[in-house]
Amino acid sequence: MKKLSIKSWALEDRPREKLMLHGKSVLTDVELMAILIGSGTKEESAVELSKRIFNSVNNNINQLAGLSLEQLMHFKGIGEARAISIVTALELGKRRHFEKKEERPIIKSSLDAYNILQPILGELQHEEFWVLFLNNSNKIIAKQQLSKGGITSTMVDVRLLFKRALEFASIGIIVAHNHPSEKLKPSNADKQLTQKIKEAGAILDIKLLDHIIITQKDYFSFVDSQLL
C-alpha cells in the first residue's frame with residue numbers, strides 16, 4: 001500500500017496548517033517536532049519520523065533534550081542541520097523555563113544597581129550606556145544597552161531611552177555608564193545629561209532614580225552624592 005505524504009493529508013491534520021488554523025497549543029509534541037524536522041524520507045513522513053524519535057525516549061521531552069547531535073543523527077532522515085535545529089529548539093525551551101522562574105531583582109540602593117551592572121560594564125575598554133527599567137515596586141522589568149561608544153564617551157539619545165521606557169510601561173529608570181579610565185568623578189557632560197533625562201522623565205511621569213558611573217572596582221551614584 002502506498003504511503004501518503006503529509007501534503008496529501010486533510011488540511012487540518014498537517015502540523016503547520018494545524019498550527020495556523022488552531023494555534024500552537026493544540027499540537028502534540030510529535031507534531032511540533034515534525035514542524036522542526038520539515039520533511040521526512042521516502043519511507044516515512046516527518047510526523048512518523050518524529051514519532052520514532054519520541055518512542056526511543058519513552059515520549060519524554062527531558063530525555064529527548066539529553067540526546068546529543070550524534071545520537072539524533074543516528075535516526076535516518078536526521079542530518080546535521082536538522083539535529084542542530086532540534087537541539088537549539090530544546091535549549092531555548094529550557095532557557096525559557098528557567099527565565100520564567102527567575103525572580104525579578106528589586107533595586108533598594110545604588111549598590112544593588114551596581115552589583116547588577118558591574119559584571120556587564122566593569123571591565124569594558126570602551127564606554128557603554130545602559131538602562132534599568134523598573135516597575136512601581138522597583139523590580140527590574142528589563143535592562144538594555146542604549147548606546148556604545150569609544151574610550152572616553154558614548155552618545156545617548158534621550159528620545160530612544162524614553163521610547164523604550166514607555167514600551168516597558170516603566171515607572172522609574174536607573175541609567176548607568178562606565179568609565180574605562182577608572183575615574184569616578186562625573187564630567188560636566190555627565191551632569192548635563194543627567195539633568196536632561198530627569199527633566200524629560202518628569203514630563204512623562206517616569207522618574208530618574210539614579211545615574212551610576214561604574215568602574216572595575218567601584219562606582220559613583222548621583223543620588224548618594226546628592227547630585228540628583
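Quick note: the coordinates plus some simple rules give every number you see, no bench work behind them. Remember, it's a predicted structure, so these values are computed and weren't measured experimentally. Neighbour counts are summed over all protein chains in view; Cβ atoms, including those assigned to glycine, are modelled from backbone coordinates with ideal geometry.
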Name the GluC sites (Glu not before Pro) in segment 42-90 that are in a loop by DSSP and that have at most 11 other C-beta atoms within 10 Å, would you? GLU43
quick shape note, segment 110-221: Cα extents on principal axes in Å, largest first -> 34, 25, 19
Please sort by residue number the trypsin sites (Lys or Arg not before Pro) in segment 179-220 whose DSSP state is loop and whose Cβ has at most 10 other Cβ atoms within 10 Å. LYS217
Going fewest to most other Cβ atoms within 10 Å around each Cβ, HIS177, HIS126 line up as HIS126, HIS177
Over 5 Å intervals from 0, what percent of Cα-Cα pairs in segment 6-101 sits in each interval? 2, 13, 23, 26, 18, 12, 4, 1, 0
Percent of Cα-Cα distances greater than 27 Å, calculated over the chain: 53 percent
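What is the magnitude of the charge dipole of the chain about its Cα centre, with +1 placed on the Cβ of each Lys and Arg, -1 on the Cβ of each Asp and Glu, and no other charges, expressed in debye to the nearest 20?
Dipole magnitude for the chain comes out near 540 debye.
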Please order ARG82, ARG104 by the number of other Cβ within 10 Å, starting at the fewest. ARG104, ARG82
Sequence gap at least 6, Cα distance under 8 Å: using those rules, report the relative contact order of the chain to the nearest whole percent. 13 percent
Using alpha carbons only, how many degrees (0 to 90, rounded to 10) separate the axis of helix 188-204 from the longest principal axis of the chain? 70 degrees
Which value at 222 nm does the chain reach when only helices count, each DSSP H run of 4 or more adding -39,500 (n - 2.57), with the total divided by all residues and rounded to the nearest 500 deg cm²/dmol? -13000 deg cm²/dmol
Which of VAL223, VAL47, VAL131, VAL26 has the fewest Cβ neighbours within 10 Å, and the rest in rising order: VAL26, VAL223, VAL47, VAL131
